[in-house]
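Only one structure is covered here, and it is reproduced in the block below.
The values are calculated or read from the model by the stated rules, or taken from the named source; none is laboratory data. None of these values were measured; they are calculated from a predicted model. Counting neighbours? That spans all protein chains shown, and the Cβs are built from the backbone with ideal geometry, glycine included. Keep in mind that these areas ignore ligands, DNA and RNA; they rest on the heavy atoms of the full protein, side chains included. Shrake-Rupley method; radii C 1.70, N 1.55, O 1.52, S 1.80 Å.
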Amino acid sequence: MQLTRFTDYSLRVLLFVGRQRGRICTMGEIAAYYGISLEHLRKVVHKLAKLGYLNSSRGRGGGLVLGRDPAAIRIGDVIVGMEEDMSIVDCYALDCALLPDCSLKTALDRAGTAFIAELNEVTLADLLGNAGMRRQFRSIDIAILRASDK
């Protein structure tokens with residue numbers, strides 16, 4: 001299974017906003033940080049806000065903050081909320097002759113359920129608290145500062 005870029009960006013947004021510890025951040029900051037199109041990011045942020053993962057405000061002083069405690073944001077739930085279709089294979093679109101009693105579809109569905117269950121063991125707080133992740137964020141921050149000094 002491969003997640004869509006939309007979901008990948010959603011997770012990146014939550015990581016960025018989550019590490020700000022309540023500081024209001026803007027979509028422009030996030031877009032620049034990750035090199036993501038601002039227009040695409042708007043759609044991602046809109047859906048995250050609609051699902052309650054982000055609080056957003058407009059206007060001067062507006063921006064984004066987490067809508068929930070990072071420990072309450074389960075990664076599997078975010079993925080399920082962002083992905084339009086969690087099917088590993090769309091058997092119905094293929095008009096498969098093995099339906100409706102295909103044991104392969106049943107096995108793939110169980111695997112997809114296990115995938116989400118495993119990711120629901122991980123919270124945004126877990127990801128933000130990971131030492132390797134913190135080092136990576138620091139190295140990106142340093143590279144951005146150096147580039148802005150030139």
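When the chain is treated as a Gaussian network with alpha carbon springs shorter than 10 Å, the biggest mean-square fluctuation among 76, 112, 67 belongs to 112. Coupling constants for the stretch 37-54 follow from the phi torsions by the Karplus curve (6.51 cos²θ - 1.76 cosθ + 1.60, θ = phi - 60°), and in residue order they are 4, 4, 5, 5, 4, 4, 5, 4, 4, 4, 5, 4, 5, 4, 7, x, 7, 10 Hz; glycine and proline get x.
Under the 0.36 nm per residue contour assumption, what length would be gained going from the current alpha-carbon distance of residue 4 and residue 148 to full extension?
Working: separation 144, 0.36 × 144 = 51.84 nm, distance 3.11 nm.
My answer for the length gained is 48.7 nm.
Across the stretch 76-88, computed HN-Hα scalar couplings (Karplus, 6.51 cos²θ - 1.76 cosθ + 1.60, θ = phi - 60°) run x, 5, 4, 4, 4, x, 8, 6, 7, 9, 9, 5, 6 Hz from first to last residue, x flagging Gly and Pro.
Under a Gaussian network description of the chain, with springs only between Cα atoms under 10 Å, the residue in 111, 125, 49 that fluctuates furthest is 111.
Loop sites only, by DSSP: take the GluC sites (Glu not before Pro) in the chain that have at most 16 other C-beta atoms within 10 Å and name the longest stretch containing none of them.
Numbers: sites that count: 83, 84, 121.
With GluC sites (Glu not before Pro) excluded where exposed in loops, the chain gives 1-82 as its longest stretch.
Simple spin-label estimate for residue 137 and residue 42 gives 2.8 nm between the two label positions (7 Å along the Cα-to-Cβ direction from each Cα).
Residue separation times 0.36 nm, minus the C-alpha to C-alpha distance between residue 57 and residue 113: what's the value?
Details: separation 56, 0.36 × 56 = 20.16 nm, distance 3.49 nm.
That works out to 16.7 nm of additional length.
If you run the Gaussian network model on the chain, springs between alpha carbon atoms under 10 Å, then out of 21, 74, 60 the most flexible one is 60.
How many percent of the accessible area of the chain is carbon or sulfur, using a 1.4 Å probe?
Values: 5070 of 9530 Å².
Summing carbon and sulfur atoms, their accessible area is 53 percent of the total for the chain.
Using θ = phi - 60° in the Karplus curve 6.51 cos²θ - 1.76 cosθ + 1.60, the 3J(HN,Hα) couplings for the stretch 120-128 round to 6, 7, 10, 10, 4, 4, 4, 5, 5 Hz; x is entered for Gly and Pro.
Note on the stretch 92-150 and the stretch 57-90: Cα centroid distance 13 Å, given to the nearest whole angstrom.
Helix-only estimate, please: 222 nm mean residue ellipticity of the chain, summing -39500 (n - 2.57) across DSSP H runs of length 4 or more and dividing by its residues, to the nearest 500.
Working: 7 runs with 85 residues, N = 150.
The helix-only estimate for the chain comes to -17500 deg cm²/dmol at 222 nm.
The modelled label-to-label distance for the pair residue 94/residue 49, using points 7 Å beyond Cα in the direction of Cβ, is 4.0 nm.
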